1. Looking only at residues in region B:135-152 that are assigned to a loop (DSSP other than H, G, I, E, B) and of a type outside the set (Ser, Thr, Tyr), which one is nearest to the chain's Cα centre (by Cα)?
2. Would you mention how many residues in region A:84-113 are buried (at least 20 other Cβ atoms within 10 Å of the Cβ), on the phi < 0 side of the Ramachandran plot and part of a loop (DSSP other than H, G, I, E, B)?
3. Out of (1) more than 7 Å from every other protein chain (Cβ to nearest Cβ); (2) assigned to a loop (DSSP other than H, G, I, E, B); (3) in contact with an Asp or Glu (Cβ under 8 Å, 6 or more places away or on another chain), what's the single condition that is false for B:Leu38?
4. Does B:Arg310 qualify as being more than 22 Å from the chain's Cα centre (by Cα) and farther than 23 Å from B:Thr116 by Cβ?
5. Take region A:1-31 and flag every residue that is farther than 24 Å from B:Val46 by Cβ and under 20 Å from the mean Cα position of the chain (by Cα).
6. Within region A:66-83, count every residue that is more than 7 Å from chain B (Cβ to nearest Cβ) and either over 14 Å from B:Leu8 (Cα atoms) or surrounded by 22 or more Cβ atoms within 10 Å (Cβ to Cβ) (or both).
7. Pairs under 6 Å by beta carbon, first residue aromatic (Phe, Trp, Tyr) in region B:299-312, partner surrounded by 14 or more Cβ atoms within 10 Å (Cβ to Cβ) and part of a helix (DSSP H, G or I), six or more apart or different chains?
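A short reminder: the numbers here are calculations on the coordinates, not readings from a lab. Keep in mind that what you see is a predicted model, and the values were worked out from it rather than measured. Every residue, glycine as well, gets a Cβ built from its backbone with ideal geometry; the counts of neighbours run over all protein chains shown.
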Amino acid sequence: MEYKGWDQVEAGAVLPSFEDKNCDIVGQKQEDRNYAQTNSYTASVADWRVFKPVFNKDVCIDCQNCWVFCPDTAIVSRDKAMLGIDYDHCKGCGICAEVCPTNPKSLIMFFENEENDEVLSQWPEKKKKEK
Amino acid sequence: MSKIIKNLKQFSTSNDRFEGAHLLCPGCAHSIIVRELLNCTDDNLVIANATGCLEVCTAVYPHTSWDASWIHIGFENAATAATGAEAMYKTLKKKGRLKDPDKPVKFVAFGGDGATYDIGFQFLSGAVERGHDFTYVCLDNEVYANTGGQRSSSTPRGSSTTTTPAGRVSYGNKKYKKDIVAIMAAHGAPYVAQVAPNKWKDMVKKYQKALATEGPVFINAMSACTTEWKFPADQTIDVSDLGTDSLVFPLYEIENGSKLTITYRPKNIVPVRDYLGVQGRFKHLFKKENEHIITQMQKDVDKKWEMLQRREEAGV
């Protein structure tokens, strides 16, 4: 995309969200949409992260709490099942890990530079309830 | 025609209309509130947005995060822009000049608490008085967060902000929070409600009711601000939970200016102290000389809750 200089930008701007004008937004899933370059879906905020959430499929119960409380639309959830995290849009705020109800949590925050596979192999065990 | 949402699993099949990679702070509640409004309906939306955090961060040139018609307008006139578009839509419909006249279109205005309580108040009042068919959502984070945390008339008593700093002499903001819900109900708006992001089902229900209602609707949404309320980013939902459970933000709705219904009654009411304790902006209240502010706050909250319960009982 060509960026305009500050002195070339016209007052008032129209930023189209999609390439085609007759886009069925409600009926189409994100991956099927024809996003325009001016849609923030094409951008990334991955470099904001210090911690990243890692998703463990084996523990997840598909309650979708993380989906509804994610402020960045970064939880990929299709057909009532949680599929994973969209690391392009996740800012690493940690809300998803906080609202996860399973024991042990199926979403845990780790340092950005840790490997996902390594972390998944050392997932914490189920904690017993303290009496 | 509104979408039927029975449970969270079903709600999660909605196709998102609010895109990620906007520049709101990590853990900001604004986007949770906005996202739910956009996802809870299948109708086309026309959105007017007052200046504020939400506007500055979701439309940073050259990107937009909105998959809906969206306009940025001045600090004060989000309500005016939405009602203007609504008036034009009605006229074009009457003249038969719309391409798709049967497709329902909803008009929504978003504003922060600065744009609603202070700067845009006259315009909002006028729009509601004229009786346009639109929904105004106030994202109430109790401070001018976008410009660095100055106090607004929504800032609660005792809160430390950049223009009312707490210190040796002062305990922070000395004014009380304006009761905007009561003011908007007094306008005779057909539907006025208060929502919080942690109670998603209550929020979705109220949104759907608001969009289905004909006439002006006002919704006040508690939006916990990690930056200005000073709590860790992952605590947004927990802080909102404390806000609704301590009844600092009671969830209720008022229909036709009089019929009040409480929509959420906490099982265990938490003391206001717990809600204040998790936030950095109230840190100074726990000093010995400021304890009376907390006691006073607890009394005010109890009084308000008593009033709401009695009003609900009496049905007036």
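1. Result: B:Asn141.
2. Qualifying residue count for the region: 7.
3. It is condition (2) that B:Leu38 fails.
4. Taking the combined requirement at face value, the residue satisfies it.
5. A:Glu31
6. Counting residues in region A:66-83 that are more than 7 Å from chain B (Cβ to nearest Cβ) and either over 14 Å from B:Leu8 (Cα atoms) or surrounded by 22 or more Cβ atoms within 10 Å (Cβ to Cβ) (or both) gives 6.
7. Listed pairs, sorted by first residue: none to list.
Conditions tested, residue by residue: (1) touching a residue at least 40 places away in the same chain (Cβ under 8 Å); (2) farther than 24 Å from A:Leu83 by Cβ; (3) surrounded by fewer than 22 Cβ atoms within 10 Å (Cβ to Cβ).
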| site | (1), (2), (3) |
| --- | --- |
| B:Lys9 | no, no, yes |
| B:Ser14 | no, no, yes |
| B:Ile33 | yes, yes, no |
| B:Asn39 | no, no, no |
| B:Asp43 | yes, yes, yes |
| B:Pro62 | no, yes, yes |
| B:Ser65 | yes, no, no |
| B:Ala68 | yes, yes, yes |
| B:Ala79 | yes, yes, no |
